[in-house]
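The values are calculated or read from the model by the stated rules, or taken from the named source; none is laboratory data. Quick caveat: nothing in here was measured; it's all calculated off a predicted structure. Virtual Cβ from ideal backbone geometry, glycine too; neighbours counted across all protein chains shown.
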Amino acid sequence: MIKKNLFLYKKNLSLFDLFILFLFTYCLIYFEIRYFQSIDLSNLRDDFRRINRFPNLSFFWLVNLIFFPLYLINIKIFSDYKEKKILRIAALSQLLLSKVFITTFILYFVRVYSVSRPKIILVYLIYPVIVFLLFKFLLNKKIFLTIYLFILFGFSYLIIDIQIFKEYSFDRCINNFSTNNRFTPSSSVSEKVYIIGHAYGSHNTNEKGLSKKVINLFEKDSNTENSTLVLTGDIVLENTKESLSIAKKQIEENFSSYLIAPGNHDIRGNNNYFEIFIDDLFIKKDKNFILIAANYSNAKWDIDDDYKNIINSLLRENTGRTIFLFSHQLFWLDSVNNEISPNGFDLLEGSLNKNSLDWMQLNGNKLIVISGDYGGMGQDSYCKVKDETIFIANGIGDLDTDTYLTIIYNDEGFRLRKVDF
């Protein structure tokens, strides 16, 4: 019966109609999923893993899954509208309801919970309008299809252009204090600092140490032994001695120099972290900058007074440098008017200190704060310059959108970069 009805719908539509419906429905779904950004398929991967299946679940897999039923429904609605079996309001209503039902059901079925609700609602409202305009243009092909193509591809270009602008703005923000904005072939040999937040990855991981994605990154770079690694907290999901020992082995097999700003997952409930790693304050000095990784994983989201004294003593002895302060917690949220939210507020009791950095005696040094409890749900990397301080949030969640930061430096200066995994 279904095949018979579908055949009847196709009968009054030309191949051109079917092709245009196919093309534009697919484009719409593609750019919608791109717009969502935070598509986390790790839950579904875990479901398949339990039955010993390891399919390649990618961005395009989800696009295809949503596209096919919507395309068939669009054929039916357009056919009915073309034959005047339904009015404009009915066509718009059917487009809206089909979009809401199918997309919501599929996102729920594949267990994608990280997409912003305002983004989903906006897509639900825009989709029926754009598809209905396509219907109108297909009924008046000559002029209106040209206009529609211009509008749709102009919209697609705008989305891409906005993303490019965001990346440019982020790069410009993180490099406000950089002392070398370009490394050329004639530049002296450069060294690198890797900065990775939330390094165990997904909350559903089966790994006992660092995320497999992080380990693969280390294996691809044959020069990590001459680089420095900064882990901004949550290096393991469960802070057993076994997991922490595995993480330490993974780190030391690849890096001779590393710093850790412990996260709540690393220290909660026991002293295993301190038995394995011993230190929770790490300092590394270079000609152009100083790296400081400190433990903010406590009820106040603040570091001990003894550590503050050590840091201030260091700042008094050094001037004219850039200070990188690494933490797990986004203890500085009030300083940026709570524009973003961390992965969680674990350990925090009470409210945040509104003057969380007033204790630092910078003594003419510049300050960049980089925190790692972020990105676990696909959030875009964050950067803001305020009161002569750069605030950066970046972390991973075993998602397609994961990124990490690097500091590239040599005798001529340094520059920060955001890099895709």
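The sole residue among 335, 313 that is more than 24 Å from residue 217 (Cα to Cα), in contact with a Lys or Arg (Cβ under 7 Å, 6 or more places away or on another chain) and among the small types (Gly, Ala, Ser) is 335. In the set 295, 272, only one residue is modelled with pLDDT of 95 or more, of a type in the set (S, T, N, Q), assigned by TED's automatic domain parsing to the domain that holds residue 229 and crowded, with 19+ Cβ neighbours inside 10 Å; that residue is 295.
All conditions in (1) surrounded by fewer than 21 Cβ atoms within 10 Å (Cβ to Cβ); (2) under 24 Å from residue 324 (Cα atoms); (3) at pLDDT 90 or above hold for residue 197, with the sole exception of (1). Could you tell me whether any residue of region 403-418 is more than 15 Å from residue 177 (Cβ to Cβ), at pLDDT 90 or above, crowded, with 23+ Cβ neighbours inside 10 Å and touching a Phe, Trp or Tyr at 6+ places or on another chain (Cβ under 8 Å)? There is at least one residue in region 403-418 that is more than 15 Å from residue 177 (Cβ to Cβ), at pLDDT 90 or above, crowded, with 23+ Cβ neighbours inside 10 Å and touching a Phe, Trp or Tyr at 6+ places or on another chain (Cβ under 8 Å).
Is there a residue in region 235-253 that is part of a loop (DSSP other than H, G, I, E, B) and among the charged types (D, E, K, R)? So far as region 235-253 goes, yes, one or more of its residues are part of a loop (DSSP other than H, G, I, E, B) and among the charged types (D, E, K, R).
Condition check ((1) more than 29 Å from residue 269 (Cβ to Cβ); (2) hydrophobic (A, V, I, L, M, F, W, C); (3) not in a loop (DSSP other than H, G, I, E, B)) across all residues:
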position	(1), (2), (3)
324	yes, yes, yes
330	no, yes, no
334	no, no, yes
356	no, no, no
360	yes, yes, no
369	no, yes, yes
385	yes, yes, yes
399	no, yes, no
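Across region 252-269, the qualifying residues are those that are more than 21 Å from residue 190 (Cα to Cα) and of a type in the set (Gly, Ala, Ser), and the one among them that is surrounded by the fewest Cβ atoms within 10 Å (Cβ to Cβ) is 269.
Restricted to region 202-226, and to residues there that are basic (Lys, Arg) and buried (at least 16 other Cβ atoms within 10 Å of the Cβ), the residue that is farthest from the chain's Cα centre (by Cα) is 208. Just checking, does region 364-377 include any residue being in contact with a strand residue (DSSP E or B) (Cβ under 7 Å, 6 or more places away or on another chain), assigned by TED's automatic domain parsing to the domain that holds residue 199, farther than 21 Å from residue 393 by Cβ and not aromatic (Phe, Trp, Tyr)? Within region 364-377, one or more residues are in contact with a strand residue (DSSP E or B) (Cβ under 7 Å, 6 or more places away or on another chain), assigned by TED's automatic domain parsing to the domain that holds residue 199, farther than 21 Å from residue 393 by Cβ and not aromatic (Phe, Trp, Tyr).
One line per residue, one yes/no per condition, for (1) within 25 Å of residue 193 (Cα to Cα); (2) among the acidic types (Asp, Glu); (3) at pLDDT 85 or above:
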{"site": "331", "(1), (2), (3)": "yes, no, yes"}
{"site": "336", "(1), (2), (3)": "no, no, yes"}
{"site": "339", "(1), (2), (3)": "no, yes, yes"}
{"site": "345", "(1), (2), (3)": "no, no, yes"}
{"site": "348", "(1), (2), (3)": "no, no, yes"}
{"site": "356", "(1), (2), (3)": "no, no, yes"}
{"site": "359", "(1), (2), (3)": "no, no, yes"}
{"site": "362", "(1), (2), (3)": "yes, no, yes"}
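Looking across region 194-234, the residues that are charged (D, E, K, R) and outside any helix (DSSP H, G or I) come down to 207, 208, 221, 234. Within region 366-421, the set of residues being within 13 Å of the chain's Cα centre (by Cα) and on the phi > 0 side of the Ramachandran plot comprises 375, 378, 398.
Only a single item in (1) in a loop (DSSP other than H, G, I, E, B); (2) closer than 22 Å to residue 19 by Cα is not met by residue 111, and it is number (2).
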